Amino acid sequence: MVYSLEERVEMVLIYGASNECARQTAQIFNKRHGDRNVSHVYVLQLLQKFRESGSVGNVKRNTPRVLDEAAHIEVMDHFAADPTTSIRKVSTQTGISIGAVHKLYEDGPDRRL
């Protein structure tokens, strides 16, 4: 489940007020927000993120990858190695968006950017 920034900050504050007990934090948060159901594991992961980065926000990605000839070749190599590979899997493995992989796949191996 995705929690808003305000909800994540609230979890950190509850954690501090509840003697740093993740289970108690989850119980208090769940009582306050009947429609939400946070687990103590999520609270622990959130606190670890907060300790490491000083923030509860999501990590912003760097600039998008440029679709040059090397990217085209890399995508085509993945499909050549295993023609049954999904576009989503190639996207994950290469760091290129699903839409861009789909476009490169449709363009085929002979078309260059």
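For the stretch 12-60, enumerate the residues that are on the phi < 0 side of the Ramachandran plot and of a type in the set (Gly, Ala, Ser).
Gly16, Ala17, Ser18, Ala22, Ala26, Gly34, Ser39, Ser53, Ser55, Gly57
Residue-by-condition table, conditions (1) small (Gly, Ala, Ser); (2) within 30 Å of Lys103 (Cα to Cα):
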{"residue": "Leu5", "(1), (2)": "no, no"}
{"residue": "Ser18", "(1), (2)": "yes, no"}
{"residue": "Gly34", "(1), (2)": "yes, no"}
{"residue": "Gln48", "(1), (2)": "no, no"}
{"residue": "Gly54", "(1), (2)": "yes, no"}
{"residue": "His72", "(1), (2)": "no, yes"}
{"residue": "Ser86", "(1), (2)": "yes, yes"}
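No lab work stands behind these numbers, since they all come straight from the coordinates. This one's a predicted model, so the numbers in the text were calculated from it and none came from an experiment.
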